[in-house]
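Read through the structure below, which is laid out as structure tokens, and then see the notes.
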Ligand SMILES: [Zn+2]
């Protein structure tokens with residue numbers, strides 16, 4: 001038995017909406033699934049895809065899990081199911097990948113039912129790929145459903161968006177999120193984890209991991225120590241750049257949230273909506289010493305650095321620059 005509802009309680013109403021398109025035979029040709037990171041958009045697409053492909057769905061349009069189609073789907077060898085994604089996180093979906101897909105789609109499906117293609121993330125289609133994809137959307141093949149997943153729908157050409165039906169996934173409420181975290185044996189579901197994850201369950205689960213919490217605390221104290229010149233920027237950059245890709249992404253995210261909170265605190269001394277309630281006193285103290293204008297500049301710089309995280313840019317240099325700028329910001333007269 002599968003238990004989509006138990007695993008993804010906040011996606012239940014979205015699933016019901018998709019199931020209805022099957023029972024009422026209004027299956028979308030192209031569906032754009034949007035919503036924040038860590039909400040399970042891909043899991044929802046999988047649930048929909050397997051149900052579309054299943055030979056013996058139940059009356060609620062849910063897949064059976066036993067038929068030949070379901071077995072192939074679960075073994076990830078279903079001939080009528082394709083996932084198009086970049087070769088590596090942060091890379092593009094290329095025109096060659098889209099051409100290969102449209103060639104395959106021009107042939108008959110293996111089985112007589114539906115075909116499903118997931119494009120994840122759809123905003124990683126580069127220009128040429130987006131154009132080729134648009135051509136396909138203008139003359140789509142029959143009984144084919146395309147599921148486009150993205151956190152950043154505005155990065156997709158309007159011409160593609162306008163040809164898709166849309167499904168926006170919302171964040172669960174705090175009580176649903178807390179119950180889910182407890183059920184999934186996540187570490188602490190502290191206020192800080194809830195704030196930092198902005199209601200995104202998968203992100204909250206990662207952030208509440210004890211090792212990740214410990215890394216965050218260590219990075220914060222190291223960062224403060226570089227600010228007051230107790231540790232050299234180069235030395236810390238040398239340590240930070242050795243972290244793995246996920247840890248680096250978290251670190252940049254934390255840094256940005258600390259600076260964001262400092263900006264908030266500079267404007268409202270009694271900030272209720274900070275991302276890092278556990279660090280509020282330290283951040284307040286730092287804020288009082290720093291120049292607000294320079295802090296804004298530093299914030300912009302961190303946002304730009306986030307965009308370079310998946311480029312081949314020298315990471316040690318990136319961290320050196322981040323930390324040197326931070327030292328200068330703390331020590332200007
Ligand atoms: Zn089945």
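Listed values, structure above:
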quantity: Residue match in the range 4-11 (condition: surrounded by 13 or more Cβ atoms within 10 Å (Cβ to Cβ), within 16 Å of the ligand (Cβ to nearest atom) and at pLDDT 95 or above); calculated: no
quantity: Lone unmet requirement of (1) within 16 Å of the ligand (Cβ to nearest atom); (2) closer than 20 Å to residue 170 by Cα for residue 34; calculated: (1)
quantity: Exclusive hit being in the same structural domain as residue 164 (by TED's automatic domain parsing), without any contact (Cβ under 8 Å) to a residue 60 or more places away in the chain, more than 13 Å from the ligand (Cβ to nearest atom) and out of contact with any helix residue (DSSP H, G or I) (no Cβ under 6 Å at 6 or more places or on another chain), set 29, 110; calculated: 110
quantity: Top-ranked residue of the range 306-323 - restricted to ones that are over 16 Å from the mean Cα position of the chain (by Cα) and not in a helix (DSSP H, G or I), ranked as surrounded by the most Cβ atoms within 10 Å (Cβ to Cβ); calculated: 308
quantity: Residue match in the range 198-213 (condition: loosely packed, with under 14 Cβ neighbours inside 10 Å and in contact with a strand residue (DSSP E or B) (Cβ under 7 Å, 6 or more places away or on another chain)); calculated: no
quantity: Complete set of residues in the range 43-59 that are surrounded by fewer than 17 Cβ atoms within 10 Å (Cβ to Cβ) and either more than 12 Å from the ligand (Cβ to nearest atom) or under 24 Å from the mean Cα position of the chain (by Cα) (or both); calculated: 43, 59
quantity: Options 154, 144: the member that is outside the structural domain of residue 307 (by TED's automatic domain parsing), over 17 Å from residue 38 (Cβ atoms) and touching a strand residue (DSSP E or B) at 6+ places or on another chain (Cβ under 7 Å); calculated: 144
quantity: Those residues of the range 214-232 which are loosely packed, with under 15 Cβ neighbours inside 10 Å and part of a helix (DSSP H, G or I), in sequence order; calculated: 214, 217, 218, 221, 225
quantity: Residue list for the range 4-16, restricted to those being in contact with a helix residue (DSSP H, G or I) (Cβ under 8 Å, 6 or more places away or on another chain) and in a helix (DSSP H, G or I); calculated: 4, 5, 7, 9, 10, 11, 12, 14, 15
quantity: Residue satisfying all of: in the range 60-72; in contact (Cβ under 8 Å) with a residue 12 or more places away in the chain and either surrounded by fewer than 16 Cβ atoms within 10 Å (Cβ to Cβ) or within 8 Å of the ligand (Cβ to nearest atom) (or both); farthest from residue 105 (Cα to Cα) among these; calculated: 60
quantity: From the options 161, 195, residue that is more than 30 Å from residue 30 (Cβ to Cβ), at pLDDT 85 or above and within 21 Å of the chain's Cα centre (by Cα); calculated: 195
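The values are calculated or read from the model by the stated rules, or taken from the named source; none is laboratory data. Remember, predicted model here, so these are calculated numbers, not experimental data. No Cβ is skipped: glycine too gets one built from the backbone with ideal geometry, and neighbour counts run over all protein chains shown.
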